[in-house]
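I'd like to ask you about the structure that follows.
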Amino acid sequence: MTGVPPITGSVDEARARVEELTRLIEHHRFAYYVLDNPEISDSRFDELYRELEALEGAYPELALPGSPTGRVGAPPSTDFKEVTHRIPLLSLANAMNFDDLEKWQDRLLRGLEIEDENASLDYVCELKIDGLSIALTYRNGEFVEGATRGNGAVGEDVTLNLRTIKSLPTRLNPVRVSADGTFAGPASVAGGTSSVTAESSAPLVVPSLVEVRGEVYMPVSSFVGLNQGLAESNEPVFANPRNAASGSLRQKDPKKTASRKLALFTYLVYVTDDRLAQPGTQHENMAILKAFGFPVEPNWRRVSGVEAVKEYCRDFDERRHGLDYQTDGVVVKLDDRGLWNVLGATSHSPRWAVAFKYPPEEAETVLLEITFDVGRTGAVTPVANLEPVKLAGTTVKRASLHNASQIARLDARPGDTVVVRKAGEIIPEVVSVVLKARPDGSQPFVYPHQCPVCGTALVRFGEEVVVRCPNTYGCRSQIERRLKHWVSRDAMDIEGVGEVLVEQLVKARLVERPSDFYRLSLESLTGLERMGEKSAKNVLSQVEASRTRGLKRLIYALGIRHVGTMGAELLAGRYDSIDELAAARSEDMAVIDGVGPTISEAVVEFFQDQHNRELIEDLKAVGVATEKDESELKSPDLPQTFAGKIFVITGTLARMDRKEAEDAIKARGGKASSSVSKKTDYVVAGEKAGSKLEKARSLGVSVLDENEFLAMLESS
Ligand code: IVH
């Protein structure tokens, strides 16, 4: 923990600081997420955020409505109550090709009674983000409600989950308004990216009601990381970022949503206010959204005429693949919003917009060879090695064949011409075989009976579709995968040790199980190929730093089946050390909200294995911390009412032991010290309290008896 000042001073000072922090955080959030132009470092931002959290914890009544910490009046879980949309969320008519686009333009001209066939209308082209649409409501500048589309008329309330999305503004920036009520620019021109010039004399307005439409999505990079984690803990993976976003937004526990790294782009704003008029054009609509503080997909463009629309679509067919979000088309909107009312909508889509859809990304290529990947838990998955082919912006050489039954169903054989598709444009898969192109004399593929890495006979457990190599501790592939998992970012995060180095270390027999990392020496490392003294020292210091990564990461790093980052967090929330977890009974674990029998039985099974028990002992022997550190003992669920306060416990307490009392103090953000000084805020005096109590009295430190202390704990 760095730099969060202790809570001292009067309530008025706290109030002023809460207001200042709220404003500062919102300003920097905007600079970072919307303008892409951060003014302070990430760590400084985190410091401000934590300071606000601590203050709001100590003085919940001071938290401002719409606070960026999202703590105000937040009940613990989302109940997804129904929300009737004030303005329905319609869908869009599709244009599957350029012909459809022209027909749409013809319909517009007819609808607007424009006789001249060559008339050119202005459009705004926006990339169609493949996520899920949401409706956001702001009253007097505060985010009050967010809902999913649902059936278009009624959606689900996901306000709390939306609050976890960092780029979503919890309070709106005021905007400048001209005398005639039109938008005159953002309040501040920081970043200078607005297309509207601000008139600094124009008054600032926060409209009383603002409705926004946008798309929540999962960045491709987050999706890949999420699926990797899920796969490693043997949980079902998401088929594409869209499903992952939808699943993550509809979690009962907002904490889980927060762990999923969702993002937002907005594209429509409706203003209800006497002082500010509805945007007159779609391009002005985009500028207003930005001025309020909303993230807007930056590649939108205003164009004239349908030919320019086609040009935009062609241009982005390739370019869109370089973005960290998935797009499945271009949304074309008539720029003049005044005309929207003239054209109206059908029962399900507006006439003034259309979605140009890019065709699905498929390609034909030759299946050269089927190889096998042996994972951390021994799961053997077939991989299609392909004649390289261009697909959705990248060159594909490998594609998933999922499992043995998939190969059998497809009857895929080396030498076949196959159709590959990017499922959600990320993981390519083989979808079918072009039987017409099958070479003469080809034989059905025979699935191996032995592990392709170590030769052990493969097995299938119970109902599982996956085939596994049971040689858990002897199969090189499994050993490597476990070690790679140990060093990975969400586990012990040993940055200097990448996949290639792990392979080198295993090959050189320097590392076989995680505890061996902590026995590496300068000599053993510099003996490796391409490893200089400087890199070796770097590796050693990174390994050293990972000895104390905390219990949560350690539990995850052990690679217990079914225990992902979330499961590890839940278990670390309940147990204080690996030994406690190892001794826990399955029934006791299963009562933890979110744990259930699959995880708890896997944990018990893990610690029953002699190899794993030896590993834990060896980790302790090499100095890896297997107990919670102080920061983990703080419970984020409790209000941090003792933040910055120093307690000393003396004498014998009747209703709790000293450790319990100290944990209770730490869980509320306080510190437990063993000696009394002027800095001590409270001395808790039990039976037979002696010199410490005297010292407290002589220094004028507040003294609490056990009952007073318990009352203080209860009131927080
Ligand atoms: S405008 C009434 N703009 O596409 C018009 N939609 O197929 C509403 N979408 O439900 C939509 N990007 O979830 C609009 N720039 C964009 C969009 C966009 C993605 C989604 C939206 C909508 C669906 C329609």
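Yes/no matrix, rows are residues, columns are (1) within 16 Å of the ligand (Cβ to nearest atom); (2) part of a loop (DSSP other than H, G, I, E, B):
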{"position": "LYS103", "(1), (2)": "no, no"}
{"position": "ARG110", "(1), (2)": "no, no"}
{"position": "ASN118", "(1), (2)": "no, yes"}
{"position": "LEU127", "(1), (2)": "yes, no"}
{"position": "ALA147", "(1), (2)": "yes, no"}
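Per-residue answers, yes or no, for (1) touching an Asp or Glu at 6+ places or on another chain (Cβ under 8 Å); (2) of a type in the set (A, V, I, L, M, F, W, C); (3) farther than 30 Å from LEU339 by Cβ; (4) touching a residue at least 24 places away in the same chain (Cβ under 8 Å):
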{"site": "ALA239", "(1), (2), (3), (4)": "no, yes, yes, yes"}
{"site": "SER246", "(1), (2), (3), (4)": "no, no, yes, yes"}
{"site": "LYS252", "(1), (2), (3), (4)": "no, no, yes, yes"}
{"site": "LEU264", "(1), (2), (3), (4)": "yes, yes, no, yes"}
{"site": "TYR267", "(1), (2), (3), (4)": "yes, no, no, yes"}
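Residue check: is ALA277 under 30 Å from GLY225 (Cβ atoms), more than 11 Å from the ligand (Cβ to nearest atom) and among the aliphatic types (A, V, I, L, M)?
When the stated conditions are applied, ALA277 does not pass them.
Here's a follow-up. Before we move on, is LYS261 outside any helix (DSSP H, G or I) and at pLDDT 85 or above?
Criteria met by LYS261.
While we're on this one: Between a residue in region 326-352 that is free of Cβ contacts under 8 Å to residues at least 40 places away in the same chain and any residue that is near the ligand (Cβ under 10 Å from one of its atoms), which pairs come within a Cβ distance under 6 Å, given they are 6 or more apart or on different chains?
Listed by first residue and then by second, the contacts come to TRP340/TRP352.
Now, a different point. Hey, can you tell me all the residues within region 579-626 that are more than 29 Å from VAL511 (Cα to Cα) and of a type in the set (Val, Ile, Thr)?
VAL591, ILE592, VAL595, THR598
Scan region 210-224 and give yes if some residue there is modelled with pLDDT of 85 or more, among the hydroxyl-bearing types (Ser, Thr, Tyr) and out of contact with any strand residue (DSSP E or B) (no Cβ under 9 Å at 6 or more places or on another chain), otherwise no.
yes
Follow-up. Can you name every residue in region 352-365 that is modelled with pLDDT of 95 or more and more than 17 Å from LYS128 (Cα to Cα)? Break it down into steps so the answer makes sense when it comes.
Initially, region 352-365 is screened for residues modelled with pLDDT of 95 or more, giving 352-356, 365.
Residue satisfying the conditions is THR365 alone.
For (1) surrounded by 20 or more Cβ atoms within 10 Å (Cβ to Cβ); (2) under 17 Å from GLY344 (Cβ atoms); (3) touching a residue at least 12 places away in the same chain (Cβ under 8 Å); (4) not β-branched (Val, Ile, Thr), each residue gets a yes or a no:
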{"residue": "PRO88", "(1), (2), (3), (4)": "no, yes, yes, yes"}
{"residue": "SER91", "(1), (2), (3), (4)": "no, yes, yes, yes"}
{"residue": "LYS103", "(1), (2), (3), (4)": "no, no, no, yes"}
{"residue": "GLU115", "(1), (2), (3), (4)": "no, no, no, yes"}
{"residue": "ASN118", "(1), (2), (3), (4)": "no, no, no, yes"}
{"residue": "VAL124", "(1), (2), (3), (4)": "yes, no, yes, no"}
{"residue": "ALA135", "(1), (2), (3), (4)": "yes, no, yes, yes"}
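Checking GLY496 against (1) over 21 Å from THR377 (Cα atoms); (2) surrounded by fewer than 21 Cβ atoms within 10 Å (Cβ to Cβ); (3) more than 27 Å from the chain's Cα centre (by Cα), which single condition isn't satisfied?
Going through the list (1) over 21 Å from THR377 (Cα atoms); (2) surrounded by fewer than 21 Cβ atoms within 10 Å (Cβ to Cβ); (3) more than 27 Å from the chain's Cα centre (by Cα), GLY496 breaks only (3).
Out of all the residues in region 325-353, which are in contact with a Lys or Arg (Cβ under 8 Å, 6 or more places away or on another chain), near the ligand (Cβ under 9 Å from one of its atoms) and not in a strand (DSSP E or B)?
TRP352
The values are calculated or read from the model by the stated rules, or taken from the named source; none is laboratory data. All values derive from a computational prediction rather than experimental measurement. All Cβ positions, glycine included, derive from the backbone under ideal geometry; neighbour counts span all protein chains shown.
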